[in-house]
Amino acid sequence: MKPAHRTAQRWDKARVHELFDAYARTRDPAIRDELVAMHMNLVRFIAAKFSNRGESIEDLQQVGALGLIKAIERFNVAVGAELTTYATPTIIGEIKRYFRDKAWALKVPRRLQELKVSVMRVTENLTNNLGRAPTIHEVAEVLKLSDEEVLEAHELGQAYNLLSLNTEIESDEDKKVSNLLDYLGRADLQIENVENRVVLERAFEHLSKRERLVIYLRFYESLSQSETARILGISQMHVSRLQGKALSKLKTVLSDSSEALK
């Protein structure tokens, strides 16, 4: 059995060389197609290594086949190397380029795509070495980048796979399942809050600095009157008076603004 296997292997190599000699003379597409068919197992093997990245194996094999064709077009039998050795990095490069350039849901500059890949690789290495997920700063130190650049790379994940409108969303309260399409056309409840916030900020301009501090500490930081008094270095009674005066001013200003909008 072993001699027969070696004979078949020599026949395959001889056949490949024979086909390449013929293709170099004629550039016959049929000969190239036969070479591609003979080496598709290599493409399938390499494509399988990338099959856990969210793309279908069929698409990856098609991209890998393009890399194989490019390798065949450039391969020189006279060099003495095997086509499989020569074609492997070309196929891998074509698949990686597919992930960088074609698999992004949104158009992202090449620099940011490469940054995303580097951050993912370093994050994976640090996770293995540290036994935990690394911090943004730890990843930034390895790549000699700022924390903001690493964060920007992480945010690019949203541009890689966009959510479908049919994506199911489960509510924690009633366990009902809906999808993003159900929310299209609904009124945005936060729009009114934005408008109210703008009006309130304008109303704050009518308060003194001390009155603004009291309102901020009492209603934004949720501190008690005694805690507010201690921070400002005044009595609790003084805080109560300032709070009452400030709220009265705000009520008047907001009431006037409401009347003006009618």
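The values are calculated or read from the model by the stated rules, or taken from the named source; none is laboratory data. Bear in mind the structure is a predicted one, so any value in this text is a computation, not a measurement. When we count neighbours, we look across all protein chains shown, and the Cβ atoms used for this are built from the backbone with ideal geometry, even at glycine.
Take the residues of the range 128-152 that are touching a Ser or Thr at 6+ places or on another chain (Cβ under 8 Å) and part of a loop (DSSP other than H, G, I, E, B): which is farthest from Ser118 (Cα to Cα)?
Here the answer is Ala133.
Sort through Phe45, Phe20 and tell me the only one that's at pLDDT 85 or above and surrounded by 16 or more Cβ atoms within 10 Å (Cβ to Cβ).
From the options Phe45, Phe20, the qualifying one is Phe20.
On the given criteria, is Arg97 modelled with pLDDT under 85, within 30 Å of Val150 (Cα to Cα), out of contact with any Phe, Trp or Tyr (no Cβ under 9 Å at 6 or more places or on another chain) and not β-branched (Val, Ile, Thr)?
Against the criterion (modelled with pLDDT under 85, within 30 Å of Val150 (Cα to Cα), out of contact with any Phe, Trp or Tyr (no Cβ under 9 Å at 6 or more places or on another chain) and not β-branched (Val, Ile, Thr)), Arg97 qualifies.
For the range 26-39, does any single residue satisfy the condition of being closer than 30 Å to Val117 by Cα, modelled with pLDDT under 85 and in contact with a helix residue (DSSP H, G or I) (Cβ under 9 Å, 6 or more places away or on another chain)?
So far as the range 26-39 goes, no, none of its residues is closer than 30 Å to Val117 by Cα, modelled with pLDDT under 85 and in contact with a helix residue (DSSP H, G or I) (Cβ under 9 Å, 6 or more places away or on another chain).
Quickly run through the range 231-262 and pick out the residues that are assigned to a helix (DSSP H, G or I) and modelled with pLDDT under 85.
Passing the criteria: Ile231, Leu232, Val253, Leu254, Ser255, Asp256, Ser257, Ser258, Glu259, Ala260, Leu261.
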